[in-house]
1. Would you point out the residue of the range 69-109, among those that are of a type in the set (S, T, N, Q) and not in a loop (DSSP other than H, G, I, E, B), that is nearest to residue 128 (Cα to Cα)?
2. Restricting to the range 127-173, name every residue that is over 26 Å from residue 29 (Cβ atoms) and of a type in the set (A, V, I, L, M).
3. Just the residues that are of a type in the set (Ser, Thr, Tyr) and in a strand (DSSP E or B), please, taken from the range 110-126.
4. Could you say whether any residue in the range 127-147 is among the small types (Gly, Ala, Ser), assigned to a loop (DSSP other than H, G, I, E, B), under 20 Å from residue 60 (Cβ atoms) and within 13 Å of the chain's Cα centre (by Cα)?
5. Residues 100, 85, 123: which one is more than 12 Å from the chain's Cα centre (by Cα) and either basic (Lys, Arg) or at pLDDT 95 or above (or both)?
6. Tell me which residues, restricted to the range 94-146, are over 21 Å from residue 40 (Cα atoms), in contact (Cβ under 8 Å) with a residue 60 or more places away in the chain and hydrophobic (A, V, I, L, M, F, W, C).
7. Restricting attention to the range 91-132, and to residues there that are within 30 Å of residue 217 (Cβ to Cβ) and among the small types (Gly, Ala, Ser), which single residue is surrounded by the most Cβ atoms within 10 Å (Cβ to Cβ)?
8. Determine whether the range 154-162 contains at least one residue that is assigned to a loop (DSSP other than H, G, I, E, B) and either out of contact with any strand residue (DSSP E or B) (no Cβ under 7 Å at 6 or more places or on another chain) or under 15 Å from residue 118 (Cβ atoms) (or both).
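The values are calculated or read from the model by the stated rules, or taken from the named source; none is laboratory data. Quantities reported herein were computed from a predicted structural model and do not represent experimental measurements. Because the Cβ atoms are built from the backbone with ideal geometry, glycine has one as well, and the counts that use them run over all protein chains shown.
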Amino acid sequence: MKISTALSVAFAAEAVNAAALQPRHYTFPSIAGSTDWQYVRQTVNFQSNAGLSDVSSPQIRCYTSGARGVSTMSVAAGSAVSFKASPNIFHPGPVQFYMAKVPSGQDVSSWDGSGNVWFKIYAEKATSSGGQLSWASLNKASVSANIPKSLPSGDYLLRIEHIALHQASSTNGAQFYISCAQVKVTGGGSGSPSPLVSFPGAYKATDPGIKVNIYSGATSYTPPGPAVWSG
């Protein structure tokens, strides 16, 4: 009995250690107040939670295999929208939000977001201490951004990305965790979002915000992509 108990304890400890060494990944499956994949297009990693490393892949856009959101969520211009992380954001790196307006004559439920249509509405800033970079989103269960108040009303894709930089000192070491929600902006204004970029196209694997050592001597950080349009 004592031997059996000792073996059980040993195996349990080994299992815990093995679990601790497993990569920790995550998704952004929902907007706060909704169920998973109700308004967010189901991503190809909805079971594995694994990140994407190839910024030249079409999946860098919304990380989907063609699945669409069940419906479209109404959000007011000027309001905050939060995405749930599942599980919590486990790696250091910035959160960014982009939007793209659905072209006239196309339906948000079938539009793929291709072309120079994306503009950035939020980029999380880094802090530097002792030659290392950190971000407040680490270990968060949700992250949010404000929809610009002057954004014209209409249907949009709202894209969230978290760039995990814990292995980003080598090319293609950064991991992108991405989701796109279908939203209808109401009460908007007459702003003209810019600059507009495409996915893929906005990023290169060697961009300093993508290929970077955040642990050794880093004193500042510039996220990849265009400047934020605040409206």
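1. Of everything passing the filter in the range 69-109, 96 is nearest to residue 128 (Cα to Cα).
2. 133 - this is the single residue of the range 127-173 that is over 26 Å from residue 29 (Cβ atoms) and of a type in the set (A, V, I, L, M).
3. The answer is 122, and nothing else.
4. Scanning the range 127-147 turns up at least one residue that is among the small types (Gly, Ala, Ser), assigned to a loop (DSSP other than H, G, I, E, B), under 20 Å from residue 60 (Cβ atoms) and within 13 Å of the chain's Cα centre (by Cα).
5. Unique residue meeting the criteria: 100.
6. Across the range 94-146, the qualifying residues are 126, 133.
7. Only one residue tops the list, namely 93.
8. No, the conditions are met nowhere in the range 154-162.
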